[in-house]
Amino acid sequence: MKQGTMRVKTGLAEMLKGGVIMDVTTPEQAKIAEKAGACAVMALERVPADIRAAGGVARMADPTIIKKIMEVVSIPVMAKARIGHFVEARILEALGVDYIDESEVLTPADDRFHIDKRGFTVPFVCGCRNLGEALRRIAEGAAMIRTKGEPGTGNVVEAVRHCRQVMDEIRMLCALPEDEVPNFVKECGAPLEAALATRKKGRLPVVNFAAGGIATPADAAIMMHLGCDGVFVGSGIFKSADPAKRARAIVQAVTNYKDYATLAEISRDLGEAMPGMEIANIAPAERMQDRGW
Amino acid sequence: MANVCAGVLALQGAFREHAAALRRLGVKIRELRALRDIDGIDLLVIPGGESTTIGKLLLEGQMLDPLRERIEMGMPVYGSCAGLILLCREIEDSDQPRLGVLDATVRRNAFGRQVDSFEAALDIAELGAKPFPAVFIRAPFLTKIGLGVQVLAKANGQAVAVRQKNILATSFHPELTADSRMHRYFLDMCK
(Lines give C-alpha, C1' and ligand atoms only; values in the text may rest on other atoms or scores of the structure.)
Protein backbone atom coordinates (compact mmCIF):
# COMPACT_ATOMS: atom_id res chain seq x y z
CA MET A 1 0.00 0.00 0.00
CA LYS A 2 1.50 3.34 -1.09
CA GLN A 3 0.30 6.79 0.05
CA GLY A 4 1.13 10.27 -1.24
CA THR A 5 2.08 9.01 -4.72
CA MET A 6 1.91 11.35 -7.70
CA ARG A 7 -0.92 9.23 -9.11
CA VAL A 8 -2.99 9.66 -5.95
CA LYS A 9 -2.21 13.41 -5.85
CA THR A 10 -3.03 14.10 -9.50
CA GLY A 11 -5.92 11.63 -9.21
CA LEU A 12 -7.92 13.83 -6.84
CA ALA A 13 -7.54 16.73 -9.28
CA GLU A 14 -8.85 14.45 -12.04
CA MET A 15 -11.95 13.83 -9.89
CA LEU A 16 -12.53 17.59 -9.45
CA LYS A 17 -12.70 18.19 -13.22
CA GLY A 18 -15.85 19.73 -14.60
CA GLY A 19 -16.49 21.19 -11.17
CA VAL A 20 -16.45 24.43 -9.22
CA ILE A 21 -14.21 25.04 -6.19
CA MET A 22 -15.61 27.82 -4.03
CA ASP A 23 -13.91 30.12 -1.51
CA VAL A 24 -15.64 30.03 1.89
CA THR A 25 -14.86 31.76 5.19
CA THR A 26 -17.40 30.18 7.58
CA PRO A 27 -19.01 26.74 8.13
CA GLU A 28 -22.34 28.26 7.01
CA GLN A 29 -20.85 29.37 3.68
CA ALA A 30 -19.25 25.93 3.28
CA LYS A 31 -22.67 24.27 3.68
CA ILE A 32 -24.18 26.64 1.11
CA ALA A 33 -21.37 25.82 -1.33
CA GLU A 34 -21.75 22.06 -0.82
CA LYS A 35 -25.52 22.27 -1.23
CA ALA A 36 -25.08 24.29 -4.42
CA GLY A 37 -22.96 21.49 -5.91
CA ALA A 38 -19.38 22.67 -5.33
CA CYS A 39 -16.89 19.83 -5.94
CA ALA A 40 -14.62 21.25 -3.21
CA VAL A 41 -14.26 24.34 -1.02
CA MET A 42 -11.29 26.59 -0.22
CA ALA A 43 -11.27 27.45 3.49
CA LEU A 44 -10.14 31.04 4.09
CA GLU A 45 -10.18 33.75 6.72
CA ARG A 46 -11.07 36.37 4.08
CA VAL A 47 -11.97 36.17 0.40
CA PRO A 48 -9.47 37.84 -1.99
CA ALA A 49 -11.57 41.01 -2.41
CA ASP A 50 -11.43 41.56 1.38
CA ILE A 51 -7.72 40.70 1.54
CA ARG A 52 -7.15 43.34 -1.14
CA ALA A 53 -9.23 45.88 0.79
CA ALA A 54 -7.58 45.11 4.15
CA GLY A 55 -3.99 45.41 2.87
CA GLY A 56 -1.07 44.42 5.11
CA VAL A 57 0.36 40.90 5.28
CA ALA A 58 -2.06 38.08 4.43
CA ARG A 59 -1.19 34.72 6.01
CA MET A 60 -2.51 31.15 6.30
CA ALA A 61 -5.96 31.05 7.93
CA ASP A 62 -6.45 30.22 11.61
CA PRO A 63 -6.55 26.39 11.90
CA THR A 64 -9.80 26.68 13.91
CA ILE A 65 -11.61 28.11 10.89
CA ILE A 66 -10.24 25.39 8.61
CA LYS A 67 -11.09 22.61 11.09
CA LYS A 68 -14.64 23.88 11.55
CA ILE A 69 -15.18 23.89 7.81
CA MET A 70 -13.71 20.37 7.50
CA GLU A 71 -16.17 19.18 10.13
CA VAL A 72 -19.34 20.38 8.39
CA VAL A 73 -18.83 19.32 4.76
CA SER A 74 -18.18 15.91 3.17
CA ILE A 75 -16.53 17.32 0.01
CA PRO A 76 -12.76 18.00 -0.21
CA VAL A 77 -11.47 21.04 1.71
CA MET A 78 -8.52 23.05 0.39
CA ALA A 79 -6.56 25.78 2.18
CA LYS A 80 -3.97 28.36 1.20
CA ALA A 81 -0.33 28.65 2.27
CA ARG A 82 1.96 31.58 1.43
CA ILE A 83 4.34 31.13 -1.50
CA GLY A 84 7.49 29.44 -0.17
CA HIS A 85 6.11 28.98 3.36
CA PHE A 86 6.70 25.26 3.77
CA VAL A 87 5.91 25.35 7.49
CA GLU A 88 2.43 26.79 6.89
CA ALA A 89 2.05 23.96 4.36
CA ARG A 90 3.18 21.35 6.91
CA ILE A 91 0.64 22.74 9.39
CA LEU A 92 -2.13 22.47 6.80
CA GLU A 93 -1.02 18.91 6.02
CA ALA A 94 -1.12 18.05 9.74
CA LEU A 95 -4.66 19.46 9.90
CA GLY A 96 -5.60 16.96 7.18
CA VAL A 97 -6.70 19.38 4.45
CA ASP A 98 -7.22 17.66 1.09
CA TYR A 99 -5.28 20.11 -1.12
CA ILE A 100 -2.96 23.05 -0.44
CA ASP A 101 -3.07 26.12 -2.68
CA GLU A 102 0.38 27.76 -2.65
CA SER A 103 -1.23 31.06 -3.41
CA GLU A 104 -0.32 34.53 -4.62
CA VAL A 105 -3.47 35.77 -2.85
CA LEU A 106 -1.44 35.60 0.37
CA THR A 107 1.73 37.62 0.91
CA PRO A 108 4.78 35.60 -0.28
CA ALA A 109 7.07 34.31 2.47
CA ASP A 110 10.03 33.62 0.15
CA ASP A 111 11.09 36.05 -2.57
CA ARG A 112 13.05 33.44 -4.58
CA PHE A 113 11.67 29.95 -4.09
CA HIS A 114 8.36 28.15 -4.00
CA ILE A 115 7.72 25.21 -1.67
CA ASP A 116 9.40 21.92 -2.62
CA LYS A 117 6.10 20.08 -2.89
CA ARG A 118 7.52 16.65 -3.70
CA GLY A 119 8.10 15.52 -0.13
CA PHE A 120 4.53 16.14 1.04
CA THR A 121 1.73 13.56 1.27
CA VAL A 122 -0.91 16.24 0.65
CA PRO A 123 -1.16 17.47 -2.97
CA PHE A 124 -0.63 21.10 -4.07
CA VAL A 125 -2.27 23.39 -6.61
CA CYS A 126 -0.32 26.44 -7.85
CA GLY A 127 -1.10 29.47 -9.99
CA CYS A 128 0.45 30.37 -13.34
CA ARG A 129 0.35 33.08 -16.01
CA ASN A 130 2.28 31.22 -18.68
CA LEU A 131 3.66 27.80 -19.59
CA GLY A 132 7.07 28.36 -18.00
CA GLU A 133 5.49 29.21 -14.66
CA ALA A 134 3.12 26.21 -14.87
CA LEU A 135 5.92 23.77 -15.65
CA ARG A 136 8.24 25.15 -12.95
CA ARG A 137 5.47 24.51 -10.42
CA ILE A 138 4.94 20.98 -11.81
CA ALA A 139 8.68 20.31 -11.56
CA GLU A 140 8.49 21.37 -7.89
CA GLY A 141 5.75 18.77 -7.40
CA ALA A 142 2.43 20.59 -8.00
CA ALA A 143 -0.30 18.05 -8.81
CA MET A 144 -2.71 20.63 -10.20
CA ILE A 145 -2.39 24.02 -11.89
CA ARG A 146 -4.69 27.02 -12.13
CA THR A 147 -4.46 30.27 -14.01
CA LYS A 148 -3.79 33.18 -11.66
CA GLY A 149 -6.05 35.78 -13.20
CA GLU A 150 -6.30 38.82 -10.93
CA PRO A 151 -7.95 37.64 -7.69
CA GLY A 152 -10.66 39.65 -5.96
CA THR A 153 -11.46 41.85 -8.95
CA GLY A 154 -14.54 40.17 -10.45
CA ASN A 155 -12.84 40.92 -13.78
CA VAL A 156 -12.20 37.85 -15.92
CA VAL A 157 -9.83 39.48 -18.41
CA GLU A 158 -6.62 38.37 -16.69
CA ALA A 159 -7.80 34.75 -16.31
CA VAL A 160 -8.62 34.72 -20.04
CA ARG A 161 -5.22 36.21 -20.88
CA HIS A 162 -3.32 33.70 -18.74
CA CYS A 163 -5.29 30.74 -20.07
CA ARG A 164 -4.77 31.78 -23.70
CA GLN A 165 -1.08 32.32 -23.02
CA VAL A 166 -0.63 28.81 -21.58
CA MET A 167 -2.65 27.19 -24.40
CA ASP A 168 -0.75 29.14 -27.10
CA GLU A 169 2.60 28.11 -25.67
CA ILE A 170 1.50 24.45 -25.44
CA ARG A 171 0.47 24.53 -29.12
CA MET A 172 3.83 26.06 -30.03
CA LEU A 173 5.77 23.53 -27.96
CA CYS A 174 3.91 20.65 -29.61
CA ALA A 175 4.46 21.97 -33.14
CA LEU A 176 8.22 22.62 -32.82
CA PRO A 177 10.78 20.30 -34.41
CA GLU A 178 12.55 18.38 -31.68
CA ASP A 179 15.87 20.18 -32.05
CA GLU A 180 14.26 23.54 -31.23
CA VAL A 181 12.71 22.37 -27.95
CA PRO A 182 15.73 23.04 -25.69
CA ASN A 183 15.93 26.67 -26.79
CA PHE A 184 12.16 27.13 -26.56
CA VAL A 185 12.14 25.94 -22.95
CA LYS A 186 15.10 28.21 -22.16
CA GLU A 187 13.20 31.21 -23.53
CA CYS A 188 9.97 30.49 -21.66
CA GLY A 189 11.71 29.38 -18.45
CA ALA A 190 10.29 25.87 -18.46
CA PRO A 191 12.14 22.82 -17.12
CA LEU A 192 12.91 20.44 -20.00
CA GLU A 193 11.49 17.26 -18.46
CA ALA A 194 8.08 18.76 -17.71
CA ALA A 195 8.06 20.35 -21.18
CA LEU A 196 8.71 16.97 -22.82
CA ALA A 197 5.87 15.42 -20.79
CA THR A 198 3.59 18.23 -22.01
CA ARG A 199 4.70 17.72 -25.62
CA LYS A 200 4.00 13.99 -25.39
CA LYS A 201 0.49 14.51 -23.98
CA GLY A 202 -0.43 17.54 -26.07
CA ARG A 203 -1.57 19.25 -22.86
CA LEU A 204 -0.32 20.00 -19.35
CA PRO A 205 0.59 16.78 -17.54
CA VAL A 206 -1.78 17.75 -14.68
CA VAL A 207 -5.31 19.16 -14.45
CA ASN A 208 -5.62 22.90 -15.13
CA PHE A 209 -8.41 25.02 -13.58
CA ALA A 210 -9.26 28.68 -14.14
CA ALA A 211 -9.12 31.20 -11.31
CA GLY A 212 -8.94 34.91 -10.57
CA GLY A 213 -11.87 37.14 -11.51
CA ILE A 214 -14.70 34.71 -12.34
CA ALA A 215 -18.00 36.31 -11.29
CA THR A 216 -20.79 34.97 -13.54
CA PRO A 217 -21.95 31.68 -15.13
CA ALA A 218 -20.80 33.08 -18.50
CA ASP A 219 -17.33 33.79 -17.05
CA ALA A 220 -17.11 30.17 -15.90
CA ALA A 221 -18.29 28.88 -19.30
CA ILE A 222 -15.81 30.96 -21.30
CA MET A 223 -12.94 29.50 -19.26
CA MET A 224 -14.18 25.98 -20.04
CA HIS A 225 -14.31 26.85 -23.76
CA LEU A 226 -10.72 28.07 -23.58
CA GLY A 227 -9.67 24.62 -22.39
CA CYS A 228 -9.72 24.77 -18.59
CA ASP A 229 -10.81 21.63 -16.73
CA GLY A 230 -12.90 23.46 -14.11
CA VAL A 231 -13.04 26.74 -12.19
CA PHE A 232 -12.22 28.29 -8.85
CA VAL A 233 -14.59 31.04 -7.77
CA GLY A 234 -13.20 33.22 -5.02
CA SER A 235 -14.95 36.43 -4.11
CA GLY A 236 -17.46 36.00 -6.97
CA ILE A 237 -19.99 34.00 -4.97
CA PHE A 238 -20.07 35.33 -1.41
CA LYS A 239 -19.57 38.96 -2.52
CA SER A 240 -22.69 38.75 -4.72
CA ALA A 241 -26.28 39.55 -3.74
CA ASP A 242 -27.59 35.95 -3.75
CA PRO A 243 -24.68 33.55 -3.13
CA ALA A 244 -26.68 30.27 -3.11
CA LYS A 245 -28.39 31.02 -6.40
CA ARG A 246 -25.22 32.26 -8.11
CA ALA A 247 -23.26 29.24 -6.84
CA ARG A 248 -25.86 26.83 -8.27
CA ALA A 249 -25.83 28.68 -11.60
CA ILE A 250 -22.03 28.59 -11.90
CA VAL A 251 -22.03 24.82 -11.16
CA GLN A 252 -24.60 24.33 -13.96
CA ALA A 253 -22.61 26.58 -16.31
CA VAL A 254 -19.43 24.50 -15.97
CA THR A 255 -21.30 21.28 -16.89
CA ASN A 256 -23.38 22.88 -19.66
CA TYR A 257 -20.81 25.34 -21.05
CA LYS A 258 -21.61 24.44 -24.66
CA ASP A 259 -25.40 24.63 -24.22
CA TYR A 260 -26.29 28.30 -24.75
CA ALA A 261 -30.03 27.89 -24.16
CA THR A 262 -29.29 26.43 -20.73
CA LEU A 263 -26.74 29.17 -20.04
CA ALA A 264 -29.36 31.78 -20.93
CA GLU A 265 -31.82 30.19 -18.54
CA ILE A 266 -29.43 29.89 -15.57
CA SER A 267 -28.05 33.42 -16.04
CA ARG A 268 -31.46 34.98 -15.33
CA ASP A 269 -32.38 36.84 -12.13
CA LEU A 270 -29.19 36.12 -10.22
CA GLY A 271 -29.19 39.50 -8.49
CA GLU A 272 -26.19 41.81 -8.38
CA ALA A 273 -22.79 40.29 -9.20
CA MET A 274 -19.83 41.34 -7.06
CA PRO A 275 -18.62 44.86 -7.84
CA GLY A 276 -15.83 44.63 -10.43
CA MET A 277 -12.49 46.41 -10.72
CA GLU A 278 -10.68 47.71 -13.79
CA ILE A 279 -7.23 46.09 -13.85
CA ALA A 280 -5.57 49.34 -15.03
CA ASN A 281 -6.70 51.01 -11.79
CA ILE A 282 -4.76 48.58 -9.62
CA ALA A 283 -1.31 49.86 -8.65
CA PRO A 284 1.46 47.52 -9.90
CA ALA A 285 2.53 46.74 -6.32
CA GLU A 286 -1.01 45.57 -5.53
CA ARG A 287 -1.28 43.15 -8.44
CA MET A 288 -1.39 39.67 -6.90
CA GLN A 289 -0.60 37.91 -10.20
CA ASP A 290 2.99 39.22 -10.22
CA ARG A 291 3.76 37.32 -7.01
CA GLY A 292 5.55 34.04 -7.73
CA TRP A 293 8.88 33.22 -9.38
CA MET B 1 -18.58 -4.33 -29.50
CA ALA B 2 -18.59 -2.18 -32.63
CA ASN B 3 -22.36 -1.64 -32.58
CA VAL B 4 -22.58 -0.83 -28.91
CA CYS B 5 -23.07 2.77 -27.76
CA ALA B 6 -21.68 3.36 -24.27
CA GLY B 7 -23.11 6.29 -22.35
CA VAL B 8 -20.54 7.94 -20.09
CA LEU B 9 -22.12 10.28 -17.56
CA ALA B 10 -20.31 13.59 -18.19
CA LEU B 11 -21.82 15.92 -15.59
CA GLN B 12 -18.64 16.22 -13.49
CA GLY B 13 -15.54 14.17 -12.70
CA ALA B 14 -13.15 11.87 -14.55
CA PHE B 15 -15.43 11.00 -17.47
CA ARG B 16 -12.73 11.67 -20.09
CA GLU B 17 -10.58 8.83 -18.67
CA HIS B 18 -13.45 6.30 -18.69
CA ALA B 19 -14.33 7.27 -22.25
CA ALA B 20 -10.69 6.82 -23.32
CA ALA B 21 -10.48 3.40 -21.60
CA LEU B 22 -13.64 2.21 -23.42
CA ARG B 23 -12.52 3.66 -26.76
CA ARG B 24 -9.27 1.70 -26.47
CA LEU B 25 -11.46 -1.42 -26.32
CA GLY B 26 -13.26 -0.42 -29.51
CA VAL B 27 -16.50 0.92 -28.01
CA LYS B 28 -18.40 3.93 -29.36
CA ILE B 29 -18.91 6.62 -26.69
CA ARG B 30 -21.61 9.16 -26.01
CA GLU B 31 -21.13 11.74 -23.25
CA LEU B 32 -24.34 12.21 -21.27
CA ARG B 33 -24.95 15.76 -20.08
CA ALA B 34 -28.73 16.03 -20.36
CA LEU B 35 -31.92 13.96 -20.49
CA ARG B 36 -31.98 14.16 -24.30
CA ASP B 37 -28.63 12.30 -24.52
CA ILE B 38 -29.94 9.12 -22.85
CA ASP B 39 -32.00 7.53 -25.65
CA GLY B 40 -30.13 4.86 -27.56
CA ILE B 41 -27.39 4.05 -25.08
CA ASP B 42 -26.73 0.33 -24.48
CA LEU B 43 -24.67 0.62 -21.32
CA LEU B 44 -23.76 3.26 -18.77
CA VAL B 45 -20.59 4.29 -16.95
CA ILE B 46 -20.72 6.63 -13.95
CA PRO B 47 -17.26 8.07 -13.33
CA GLY B 48 -15.45 9.14 -10.22
CA GLY B 49 -15.91 12.73 -9.16
CA GLU B 50 -17.82 14.38 -6.35
CA SER B 51 -20.93 12.27 -5.68
CA THR B 52 -22.93 15.14 -4.14
CA THR B 53 -22.25 17.31 -7.21
CA ILE B 54 -23.09 14.59 -9.74
CA GLY B 55 -26.21 13.55 -7.79
CA LYS B 56 -27.45 17.12 -7.66
CA LEU B 57 -26.89 17.61 -11.40
CA LEU B 58 -28.67 14.29 -12.13
CA LEU B 59 -31.62 15.47 -10.05
CA GLU B 60 -31.79 18.96 -11.60
CA GLY B 61 -31.44 17.45 -15.09
CA GLN B 62 -34.32 15.02 -14.37
CA MET B 63 -32.05 12.13 -15.33
CA LEU B 64 -32.38 10.01 -12.16
CA ASP B 65 -35.69 8.27 -12.96
CA PRO B 66 -35.02 7.43 -16.63
CA LEU B 67 -31.56 6.04 -15.82
CA ARG B 68 -32.88 4.05 -12.83
CA GLU B 69 -35.65 2.59 -15.01
CA ARG B 70 -33.18 1.47 -17.66
CA ILE B 71 -30.86 -0.13 -15.09
CA GLU B 72 -33.80 -1.94 -13.51
CA MET B 73 -34.75 -3.20 -16.99
CA GLY B 74 -31.28 -4.75 -17.26
CA MET B 75 -29.04 -2.09 -18.86
CA PRO B 76 -25.46 -2.82 -17.72
CA VAL B 77 -23.96 -0.10 -15.54
CA TYR B 78 -20.51 0.41 -14.05
CA GLY B 79 -19.78 2.99 -11.37
CA SER B 80 -16.35 3.82 -9.92
CA CYS B 81 -15.95 5.67 -6.60
CA ALA B 82 -18.57 8.46 -6.81
CA GLY B 83 -20.30 6.17 -9.33
CA LEU B 84 -20.44 3.39 -6.74
CA ILE B 85 -21.92 5.80 -4.17
CA LEU B 86 -24.61 6.94 -6.60
CA LEU B 87 -25.57 3.31 -7.35
CA CYS B 88 -26.03 2.32 -3.67
CA ARG B 89 -29.44 2.11 -2.00
CA GLU B 90 -28.15 3.42 1.35
CA ILE B 91 -25.50 6.10 1.94
CA GLU B 92 -24.43 6.46 5.59
CA ASP B 93 -25.28 9.87 7.13
CA SER B 94 -26.51 11.32 3.84
CA ASP B 95 -29.77 12.05 2.07
CA GLN B 96 -28.03 13.07 -1.19
CA PRO B 97 -29.75 12.17 -4.49
CA ARG B 98 -28.84 8.71 -5.86
CA LEU B 99 -29.90 5.97 -8.26
CA GLY B 100 -30.19 3.47 -5.39
CA VAL B 101 -30.22 0.32 -7.54
CA LEU B 102 -27.43 -1.60 -5.76
CA ASP B 103 -28.61 -3.47 -2.67
CA ALA B 104 -25.84 -2.21 -0.38
CA THR B 105 -24.89 0.44 2.17
CA VAL B 106 -21.89 2.64 1.44
CA ARG B 107 -19.74 4.81 3.71
CA ARG B 108 -18.26 7.85 1.94
CA ASN B 109 -14.59 8.81 2.46
CA ALA B 110 -14.41 5.56 4.41
CA PHE B 111 -10.64 5.15 4.13
CA GLY B 112 -10.11 8.76 5.27
CA ARG B 113 -9.24 12.09 3.70
CA GLN B 114 -6.88 12.81 0.78
CA VAL B 115 -3.72 12.29 2.90
CA ASP B 116 -4.99 8.72 3.47
CA SER B 117 -5.59 8.04 -0.24
CA PHE B 118 -3.53 5.09 -1.50
CA GLU B 119 -2.55 2.70 -4.24
CA ALA B 120 -2.68 -1.06 -3.68
CA ALA B 121 -2.33 -4.23 -5.73
CA LEU B 122 -5.60 -6.17 -5.32
CA ASP B 123 -6.27 -9.83 -5.93
CA ILE B 124 -9.40 -10.03 -8.06
CA ALA B 125 -10.04 -13.65 -9.10
CA GLU B 126 -12.37 -12.65 -11.96
CA LEU B 127 -9.58 -10.61 -13.57
CA GLY B 128 -6.94 -13.37 -13.46
CA ALA B 129 -3.91 -14.15 -11.31
CA LYS B 130 -2.06 -10.86 -11.83
CA PRO B 131 -2.93 -8.35 -9.06
CA PHE B 132 -4.92 -5.30 -10.19
CA PRO B 133 -3.37 -1.83 -9.67
CA ALA B 134 -6.10 -0.09 -7.68
CA VAL B 135 -6.08 3.68 -6.99
CA PHE B 136 -8.18 4.74 -3.98
CA ILE B 137 -8.91 8.47 -3.67
CA ARG B 138 -10.94 9.56 -0.62
CA ALA B 139 -12.55 6.25 -1.40
CA PRO B 140 -15.77 4.73 -0.07
CA PHE B 141 -16.34 1.11 0.94
CA LEU B 142 -19.46 -0.98 1.44
CA THR B 143 -20.56 -1.64 5.01
CA LYS B 144 -23.63 -3.81 4.27
CA ILE B 145 -24.30 -6.00 1.29
CA GLY B 146 -27.53 -7.62 0.09
CA LEU B 147 -27.92 -11.33 -0.68
CA GLY B 148 -27.76 -10.91 -4.44
CA VAL B 149 -24.50 -8.97 -4.36
CA GLN B 150 -21.19 -10.71 -5.09
CA VAL B 151 -18.00 -9.28 -3.60
CA LEU B 152 -15.25 -9.26 -6.24
CA ALA B 153 -12.48 -7.64 -4.20
CA LYS B 154 -11.58 -6.50 -0.72
CA ALA B 155 -9.01 -3.99 0.55
CA ASN B 156 -8.05 -3.88 4.25
CA GLY B 157 -10.85 -6.39 4.77
CA GLN B 158 -13.51 -4.08 3.27
CA ALA B 159 -15.63 -4.76 0.18
CA VAL B 160 -14.38 -2.46 -2.61
CA ALA B 161 -15.62 -4.17 -5.80
CA VAL B 162 -19.03 -5.78 -6.18
CA ARG B 163 -21.42 -7.11 -8.78
CA GLN B 164 -25.18 -7.50 -8.68
CA LYS B 165 -26.40 -8.97 -12.00
CA ASN B 166 -26.04 -6.07 -14.50
CA ILE B 167 -24.49 -3.70 -11.96
CA LEU B 168 -20.72 -3.41 -11.41
CA ALA B 169 -19.21 -1.03 -8.85
CA THR B 170 -15.69 -0.33 -7.56
CA SER B 171 -14.35 1.98 -4.84
CA PHE B 172 -11.17 2.46 -6.87
CA HIS B 173 -10.35 4.03 -10.25
CA PRO B 174 -9.32 1.63 -13.06
CA GLU B 175 -9.68 4.59 -15.45
CA LEU B 176 -6.56 6.19 -13.93
CA THR B 177 -4.36 3.23 -14.90
CA ALA B 178 -3.43 1.59 -18.19
CA ASP B 179 -4.83 -1.77 -17.01
CA SER B 180 -8.03 -2.36 -19.02
CA ARG B 181 -9.10 -5.62 -17.38
CA MET B 182 -11.89 -4.09 -15.28
CA HIS B 183 -13.38 -2.31 -18.30
CA ARG B 184 -13.07 -5.51 -20.32
CA TYR B 185 -14.83 -7.45 -17.53
CA PHE B 186 -17.65 -4.88 -17.66
CA LEU B 187 -17.96 -5.16 -21.44
CA ASP B 188 -18.10 -8.98 -21.09
CA MET B 189 -21.06 -8.46 -18.71
CA CYS B 190 -22.78 -6.59 -21.53
CA LYS B 191 -22.72 -9.47 -24.03
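Would you call B:Lys144 part of a loop (DSSP other than H, G, I, E, B) and farther than 15 Å from B:Phe172 by Cβ?
Criteria not met by B:Lys144.
Of all the residues that make up segment A:137-153, how many are of a type in the set (D, E, K, R) and within 16 Å of A:Met6 (Cα to Cα)? Can you show your working first?
Of all residues in segment A:137-153, those of a type in the set (D, E, K, R) come to A:137, A:140, A:146, A:148, A:150.
Checking the rest, the ones that are also within 16 Å of A:Met6 (Cα to Cα) come to A:137, A:140.
Selection size over segment A:137-153: 2.
Report yes if some residue within segment A:174-196 is in contact with a Cys (Cβ under 9 Å, 6 or more places away or on another chain) and among the basic types (Lys, Arg); otherwise report no.
Step one: of segment A:174-196, the residues in contact with a Cys (Cβ under 9 Å, 6 or more places away or on another chain) are A:195.
Filter once more, so that each one left must be among the basic types (Lys, Arg): none.
Looking through segment A:174-196, none of the residues is in contact with a Cys (Cβ under 9 Å, 6 or more places away or on another chain) and among the basic types (Lys, Arg).
Of the numbered conditions (1) in contact with a helix residue (DSSP H, G or I) (Cβ under 6 Å, 6 or more places away or on another chain); (2) in contact (Cβ under 8 Å) with a residue 40 or more places away in the chain; (3) within 24 Å of A:Leu196 (Cβ to Cβ), A:Val156 satisfies every one except a single condition; which is it?
The number of the failed condition is (3).
Regarding B:Ala19, is this residue modelled with pLDDT of 95 or more and either acidic (Asp, Glu) or touching a Leu at 6+ places or on another chain (Cβ under 7 Å) (or both)?
No: the conditions fail for B:Ala19.
Scan segment B:21-58 for residues that are within 12 Å of chain A (Cβ to nearest Cβ) and assigned to a helix (DSSP H, G or I) and report the count. Step through it out loud before you land on a result.
First pass over segment B:21-58, keeping only residues within 12 Å of chain A (Cβ to nearest Cβ): B:31-37, B:47-58.
If we keep only those that are assigned to a helix (DSSP H, G or I) as well, we get B:35-37, B:51-58.
Of the residues in segment B:21-58, 11 are within 12 Å of chain A (Cβ to nearest Cβ) and assigned to a helix (DSSP H, G or I).
Could you check how many residues of segment B:153-191 are part of a strand (DSSP E or B) and either over 13 Å from the mean Cα position of the chain (by Cα) or of a type in the set (A, V, I, L, M) (or both)? Walk me through how you get there before you give the answer.
Residues of segment B:153-191 part of a strand (DSSP E or B): B:153-155, B:158-164, B:167-170.
Add one more test, that the residue is either over 13 Å from the mean Cα position of the chain (by Cα) or of a type in the set (A, V, I, L, M) (or both), and what stays is B:153-155, B:158-162, B:167-169.
Result for segment B:153-191: 11.
Yes or no: segment A:271-292 includes at least one residue that is within 13 Å of chain B (Cβ to nearest Cβ) and among the acidic types (Asp, Glu).
no
For segment B:106-139: of the residues being touching a Leu at 6+ places or on another chain (Cβ under 6 Å) and within 11 Å of another protein chain (Cβ to nearest Cβ), which is nearest to B:His183 (Cα to Cα)?
B:Ala134
Of everything in segment A:87-118, what is of a type in the set (A, V, I, L, M, F, W, C) and either crowded, with 23+ Cβ neighbours inside 10 Å or farther than 19 Å from A:Ile138 by Cα (or both)? Give them in sequence order.
If we filter segment A:87-118 for residues that are of a type in the set (A, V, I, L, M, F, W, C), which is where we start, we get A:87, A:89, A:91-92, A:94-95, A:97, A:100, A:105-106, A:109, A:113, A:115.
Within segment A:87-118, A:Val87, A:Ala89, A:Ile91, A:Leu92, A:Ala94, A:Leu95, A:Val97, A:Ile100, A:Val105, A:Leu106, A:Ala109, A:Ile115 meet the criteria.
Wholly within segment A:122-235, which strands (runs of 3 or more DSSP E) include no fewer than the required count, namely at least 3 residues that are of a type outside the set (Gly, Ala, Ser) and over 13 Å from the mean Cα position of the chain (by Cα)?
Details: elements: A:124-128, A:144-147, A:207-209, A:231-233.
Qualifying strands (runs of 3 or more DSSP E): none found.
Select from segment B:59-97 the residues that are within 14 Å of chain A (Cβ to nearest Cβ) and crowded, with 24+ Cβ neighbours inside 10 Å and list them in ascending order.
B:Gly79, B:Ser80, B:Cys81, B:Ala82, B:Gly83, B:Leu84, B:Ile85, B:Leu86
The values are calculated or read from the model by the stated rules, or taken from the named source; none is laboratory data. Not measured: the values here are computed from a predicted model. As a convention, Cβ positions derive from the backbone with ideal geometry for all residues, glycine included, and neighbour counts pool all protein chains shown.
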